[in-house]
Amino acid sequence: MSSVRLLLTAADPGLAGTPLLVTTHPPAGRGGRSLVARIQHPLSVAVAEPYCGFAVHLPGGRTITAAVAPGKRDETVDLVVDVVGDAHTVFTTAGTQQWGRFTDSGYPGCWVRLWRADDRTGAWQVVSWPDAPITAEPDRITFHLRLPPGRHMVQAGGERLTPKLSVLPEAARVDITLRPAAGPVPWLGVFVTTDDLPAEALRGYLASGAVAAARQIDQLTSDAAGPLARIAAGYLSLRAGAPPDAEAVDGSTADETVIRAWRHWHTGSEPEAVPAEFERAVRAGVPIYPEGLRLLAAALRRLSDPGALDEVAPLLDAAELSEPTTAFAGAAPDRPSADATDSMCTALPHRVALAPHVGEPREGVHLPAATLADIAEAEELLGDLEVLASWYHTAKGWEQVGVALRQMRQALLTDDLDQFQDSLVALEVLGPVRHHHGPRTVSPMPAEIRVLVDELRGMLAAMRVDGSPRLA
């Protein structure tokens, strides 16, 4: 039997030690197994076959595959797998979504603001934004914060955006990554991660439904788990259907209060105390993780507690549960509202603009990530159609050209780069031919095609300023 010395690597040194699920895949399709490997920690894996595949399953949903073929029996071979990306791409689902750029037309005046709850009264107040490192790219900006102990929320918004608040976990370092969505409806994704690597891995696997992976991570890391990892493990225990004793959770945070209440309900030992436990969870505030808010809402509905439901109804209506931490629309942490607007937040202090780091949208039609080559190719193709209108096509050919042109128009109107590039490929294939042979019936360019060409050339011209392409 041979062995593979597996080493997971990452360019981000902050990911060293992150536990990740790895599965082995022998060529026979049987005998594979799952194991946990840590980034930058070599792991020896025995393989019985002359060839073996490996799959690294990231908490955010991506899978990285690699294979190795030991040359001789009892040989040890090295396999290095690069986990491409940073904490944002490894732990969150951002890689499964389409993103635009902050210079897209829907994102003028984007900003962030920091809130903190008073340690004594619990009242929320705006605090100054800390002096912290920033990583900025055209489609994202990340703030690397080190915050004092206590409850914090980050608020993000823009002139055309609904202001949104996201809960920040209490950790030594908190990274906040903001990303503008692609498409016609502006929306800002807020992805919060921490330096508690086991907690981030547990949360990510649990959020993606990979309960078996979360169990393996928990078994490996539970002895040294920090507060956030213990909260994630608590939600895992509820998902697994066999929660431990409720008294094992002290209920000092909103998440632990929800977990404790559900454990009381599961045990059935004190059914009369369950409603009071969930009412306490309502008063404890907003859970860090979306799982907590889901479980709280489910319990209140099952208990038919109209008073408690009315109390959390605004939060539930405004909640956005697709991000790593609980997020909701609102003008302030204690004023959740799906109808909140940017104007409700303008008078508040300590508003930090994103434009100095990522730029402001420019006027005119533009693609979210267009390149000079894309624009030049589109203009050349449309120029050929216009200048060489005496060329001929079959009626079916002109119909297909019309479909491609309308696809390009729709892509420009919705800032859809993928659709724009697809339309370029279609036009390349469907370009009119100068000569034809055989019995096919051909015709010159129809009037509706000429109208589309003229409109598209005008839209592309609007992307240029002083002779340079206006890129998002």
Show me the strands (runs of 3 or more DSSP E) found entirely inside the stretch 111-191 where at least 1 residues are closer than 21 Å to Pro287 by Cβ. 111-117, 124-127, 140-145, 152-157, 164-168, 174-180
What's the number of the only condition in (1) in contact (Cβ under 8 Å) with a residue 40 or more places away in the chain; (2) over 27 Å from Glu323 (Cβ atoms); (3) not β-branched (Val, Ile, Thr) that Pro42 fails to meet? (1)
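For the stretch 311-327, indicate whether the set of residues that are at pLDDT below 90, more than 30 Å from Leu197 (Cα to Cα) and either surrounded by 14 or more Cβ atoms within 10 Å (Cβ to Cβ) or not assigned by TED's automatic domain parsing to the domain that holds Tyr235 (or both) is non-empty. Working first, answer last.
Just the residues of the stretch 311-327 that are at pLDDT below 90, to begin with: none.
No - not one qualifying residue is present in the stretch 311-327.
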Could you tell me whether Val126 is modelled with pLDDT under 95 and surrounded by fewer than 20 Cβ atoms within 10 Å (Cβ to Cβ)? no
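Would the stretch 283-305 turn up any residue that is in the same structural domain as Val190 (by TED's automatic domain parsing), in a loop (DSSP other than H, G, I, E, B), within 30 Å of the chain's Cα centre (by Cα) and modelled with pLDDT of 90 or more?
Among the residues of the stretch 283-305, not one is in the same structural domain as Val190 (by TED's automatic domain parsing), in a loop (DSSP other than H, G, I, E, B), within 30 Å of the chain's Cα centre (by Cα) and modelled with pLDDT of 90 or more, which makes the answer no.
Matching residues to (1) assigned by TED's automatic domain parsing to the domain that holds Lys164; (2) among the small types (Gly, Ala, Ser); (3) surrounded by fewer than 17 Cβ atoms within 10 Å (Cβ to Cβ):
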{"position": "Val22", "(1), (2), (3)": "no, no, no"}
{"position": "Arg33", "(1), (2), (3)": "no, no, yes"}
{"position": "His41", "(1), (2), (3)": "no, no, yes"}
{"position": "Val45", "(1), (2), (3)": "no, no, no"}
{"position": "Thr65", "(1), (2), (3)": "no, no, yes"}
{"position": "Ala69", "(1), (2), (3)": "no, yes, yes"}
{"position": "Val77", "(1), (2), (3)": "no, no, yes"}
{"position": "Phe102", "(1), (2), (3)": "yes, no, no"}
{"position": "Arg113", "(1), (2), (3)": "yes, no, no"}
Scope the stretch 117-161; condition in contact with a Gly (Cβ under 9 Å, 6 or more places away or on another chain) and under 24 Å from Arg335 (Cβ atoms); matching residues: Ala117, Asp118, Asp119, Gly122, Arg151, Gln155, Gly157, Gly158, Glu159, Arg160, Leu161
Across the stretch 211-229, the tally of residues that are without any contact (Cβ under 8 Å) to a residue 24 or more places away in the chain and of a type outside the set (Gly, Ala, Ser) stands at 3
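Please go through the stretch 135-151 and pick out each residue that is surrounded by 14 or more Cβ atoms within 10 Å (Cβ to Cβ), closer than 21 Å to Ala87 by Cβ and not aromatic (Phe, Trp, Tyr).
Of the stretch 135-151, the ones surrounded by 14 or more Cβ atoms within 10 Å (Cβ to Cβ) are 135-136, 138-145, 147, 151.
Then keep just the ones that are closer than 21 Å to Ala87 by Cβ; that gives 135-136, 138-145, 147.
If the condition is that a residue be surrounded by 14 or more Cβ atoms within 10 Å (Cβ to Cβ), closer than 21 Å to Ala87 by Cβ and not aromatic (Phe, Trp, Tyr), then Thr135, Ala136, Pro138, Asp139, Arg140, Ile141, Thr142, His144, Leu145, Leu147 are the ones that fit.
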Residue in the stretch 137-150 that is within 21 Å of Pro108 (Cβ to Cβ) and among the small types (Gly, Ala, Ser) present: no
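The values are calculated or read from the model by the stated rules, or taken from the named source; none is laboratory data. No experiment lies behind these values; they were computed from the predicted model shown. Every residue, glycine among them, receives a Cβ derived from its backbone with ideal geometry; neighbour counts consider all protein chains shown.
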